[in-house]
Each structure stands twice: as structure tokens, then as C-alpha cells.
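Please read the structure below before turning to the comments.
Here, each number is a calculation from the coordinates, and none is a lab measurement. Fair warning: this is a prediction, and the values are worked out from it, not measured in the lab. For neighbour counting, all protein chains shown are included, and Cβ atoms are generated from backbone atoms with ideal geometry for every residue, glycine included.
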Amino acid sequence: MTINLTEILYPRRCPICNSIVKKRLICKECLDSLDIIKPPVCIKCGKKLDSERDYYCSDCRSFEKAFVENRAVFAYKGEIRNAMYDLKYANRRENAEFFGEAIVQKYGRYIKGLGIDVIVPIPLHKKRLRKRGYNQTALVAKYVGTGLGIPVNTELLAREQSTRAQKYLNNRERKNNVKSAFKVYENDVKYDRILLIDDIYTTGATLHYATKELMNEGVGAVYTITVCIGRGY
Ligand SMILES: [Zn+2]
Ligand SMILES: [Zn+2]
């Protein structure tokens, strides 16, 4: 019998209820209680819709987005919201594996069908990256890339200015806040189809402007996936 010391000293814990889990990323009870996004959803942003007769949410009817479409795994609320908070601010990096695996489980086949050349996580500004020590979205993206056998490029896109934390801003401020935030740092972008990954979809402004920057550099199409998504804004 081999003893895994790491597992004894740092046993894996359920990202939701914190109980110790073995050979799985989440405990059975919490898995059953998750609020996973189900149809009907907006065909553009993946946000849950109230009526099956609608194709688009009100936001996508009023604002055009540069990305082809977004899909999300979880509703951004309750326990999932806490697990995301822990990943970002409480150094619970193992939650990234749970979120990455959730994307692979729900959208793996869909992503493979898109013919994606590379997965790119939404970057943090380097000041924030230095403070936090890691980019939570890059961690999630790496698990998705490994799970699906698609390369991940964490260097392609950079965040130019230190944008104020989106959560303190209203919708209009959020959009202006990220308008010129992204910059491509490769002279010759050779990708045609990119999958952008972000942690939370709120207004879609972040993904919209990151997509625009990539397309300015010659990228053909950008699809996006987020771990969580809100309802209406
Ligand atoms: Zn649990
Ligand atoms: Zn929408």
C-alpha cells in the first residue's frame, strides 16, 4: 500500500461544503444541489431566459457583441458564488480544477466541435496578478486545455491598464472600464479560432472588448466560455 502524504496533510475538500472528498472534486450531496444552467438560454450570451419563445436576452437585443457566442456552466449565486470568491480571494486554487472539470463535462463535446486552435484566459493586469499570485481564470483554462487536448496560451493577451474592480461599477461604467483594457502581445497572431475563458459573465463587456482586440489582430472567430453567469442586468 502506498501512502500519499500530500493527501493526508492536505486532503482535498469539497469546494462547496468543505467536507473531505476522496477521488472526486465535489461531494455527492453538493453535486446534486448545483444550479447548472439549462435551456432556455440566450443563443448569444448563454444567459438563462424566462421564456422559451425568446432567442435573445434583452441585453443582447440592445448591444451587439463581437464574440460568436458565450456559454456558461453555473448560475452566479449562492454556494457557487462563494466557491468562486474563495478561488479569487482566499487562495483556494483547487477550486480551479473543479471549475475546469465542470466546463469539460458540460461543454467538452461542444468545444471540440468548434475547431478551436487555442484557449486564452482573460488576463489580470500584472499589478493585480502580482498581488494575488495567480490568475484564477488561467488556472481554470489550463484544466480545460488539459482535459480536451487543446493548447492554452496565457501570454497572447495582456491587460493594459489597471481597471477598477468591475463589481463596484454600474453597467455603463463597466463597459467604459474595459474598453481599451486589452492588448495582444504577439507580433504575428497565427490563430484563426480562439476560445476565451473567463470566470464570470456579467455584461459581456470584458469578453466583447477582448474579442475586438483579437479580431483587430486578424483572428477569424472568437467563442467564449465562462464558469458562471448572472441572470438579468
Ligand atoms: Zn460538499
Ligand atoms: Zn444574451
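With respect to the chain, whose longest principal axis is taken over its alpha-carbon atoms, helix 95-113 is tilted by about 50°.
Relative contact order for the chain: 22 percent, from Cα pairs under 8 Å spaced at least 6 residues apart, divided by residue count. Residues whose amide H lies under 5 Å from that of residue 21, counting only those 5 or more places away or on a different chain, are 12, 13, 14; hydrogens are built 1.01 Å from N in the peptide plane. The 3J(HN,Hα) values that the Karplus relation (6.51, -1.76, 1.60; θ = phi - 60°) gives for segment 64-81 are, in residue order, 7, 10, 6, 6, 5, 6, 10, 10, 10, 8, 10, 6, 7, 6, x, 5, 5, 4 Hz. Gly and Pro appear as x.
Cross-link reach is defined here as a Cα-Cα straight distance under 19 Å, omitting same-chain residues fewer than 8 places apart; for residue 22 the aspartates and glutamates meeting it are 7, 32, 94, 97, 101.
State which stretch of the chain is the longest one without any exposed trypsin sites (Lys or Arg not before Pro), exposure meaning a DSSP loop state and at most 14 other Cβ atoms within 10 Å.
94-163
When the pairs 88/126; 77/142; 88/179; 38/77; 190/212 are compared against a 18 Å limit on Cα-Cα distance, 77/142; 88/179 fall above it.
Shown in residue order for segment 209-220 are the 3J(HN,Hα) couplings computed by the Karplus curve 6.51 cos²θ - 1.76 cosθ + 1.60 at θ = phi - 60°: 6, 5, 4, 4, 4, 5, 6, 4, 8, x, 5, x Hz (x for Gly and Pro).
Estimated at 0.36 nm per residue, the fully extended path between residue 231 and residue 171 surpasses their Cα-Cα distance by 20.2 nm.
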